[in-house]
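First up is the structure itself, then whatever we jot down about it.
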Amino acid sequence: MKKNERQRARQHLVAAMLAGQSWQQIARAEALPLKRAMAYRLVQAVRTRGEGALADGRHGHPSKLRGEARAFLEEQCRQAPSLSSSTLQVKLRERSDLSVSISQINRLRAALGISNRPQNQEQGKKQK
């Protein structure tokens, strides 16, 4: 179901519930995957904030590691795979004034298949 279709279905659901119909009947008729609590939450939101409460304002988060920043990290990881992620984080911040989390750097490393961990060391075990 596309975003505008879902919006219309929610508007119809709220209007029908305010008219006295049950949420199950409306959800089945509209083929709207909606739980009871969410249906009543929508009705309450429309009562308090008006029709604007039905707008789905989510946009998602674009990836920070694109273009030049990604190319720089990829090059650094390939040249010196033993560099720690925190060191890479500092280098990236100094070079492009971009703050990227260590977990995001580690995800990039995993996607590239480049690890800074020695080959003989297993995760969670210290060398003796």
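Only the coordinates and a few stated rules stand behind these numbers; no lab work does. Bear in mind that the values here come from a model prediction, so they are computed numbers and not experimental data. Glycine gets a Cβ as well: all are built from the backbone with ideal geometry, and neighbour counts include every protein chain shown.
Summing Lys and Arg as +1 and Asp and Glu as -1 over all other residues whose Cβ lies under 12 Å from the Cβ of Thr87 gives a net charge of +1.
Net charge of the neighbourhood of Leu112, taken over other residues with C-beta under 9 Å away and scored Lys/Arg +1, Asp/Glu -1, is +1.
Is region 67-112 best put as rounded, prolate or oblate by its Cα gyration tensor, with a ≥ b ≥ c the root eigenvalues, rounded for a/c under 1.5, and otherwise prolate when a/b is larger than b/c, oblate when not? Rounded is the answer for region 67-112, as its axis ratio a/c remains below 1.5. Find out how many positive minus negative residues lie around Arg36, taking Lys and Arg as positive, Asp and Glu as negative, among other residues whose Cβ is under 15 Å from that of Arg36. Result for the neighbourhood of Arg36: +3. Each of Leu65, Leu88, Leu73 was scored by other Cβ atoms within 10 Å of its Cβ. Arranged with the fewest first, they read Leu65, Leu88, Leu73.
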